[in-house]
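These notes concern the structure reproduced below.
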C-alpha cells in the first residue's frame, strides 16, 4: 500500500466513523484537539484497522500518535513490517 492510499483510507475512516468534514482532514490535523477524539476513540479505530487490514497494534507506538500524519506513518511502518514477516 502506498502512502497516498494509506492517507485516503485514513481520511475515509475519519469521515465515515467520526463524521469529520473532509476539508478538515490534512496531515497536520491533530486527532485529539482538531477532531475531538479521545483515547478510547483512537483504540477503537486501531482495533478496527487491525481486523480490517491486518494492522498490528503496538501500544508503545500508539502512545506517540497525535496527528493524521502520525497515523499514516504508523500504518506504513507496520504494514511494511507485517509484510516482511514470513507467515
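No value in this document is a laboratory result; all are computed from the given coordinates. Please read all numbers here as calculations on a predicted model, not as lab measurements.
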Just to confirm the number: angle between the C-alpha axis of helix 39-53 and the first principal axis of the chain, 0 to 90 degrees, nearest 10? 40 degrees
Take the eigenvalues of the Cα gyration tensor for the range 3-84, scale each by 5, and report the square roots as semi-axes in whole Å, largest first. 19, 14, 12
What angle do you read, to the nearest 10 degrees and between 0 and 90, between the alpha-carbon axis of helix 68-84 and the longest principal axis of the chain? 10 degrees
What angle, in degrees between 0 and 90 and rounded to the nearest 10, separates the Cα long axis of helix 3-18 from the longest principal axis of the Cα atoms of the chain? 50 degrees
When the C-alpha atoms of the range 19-67 are aligned to their principal axes, what extent does each axis show, in angstrom, from largest down? 28, 21, 18
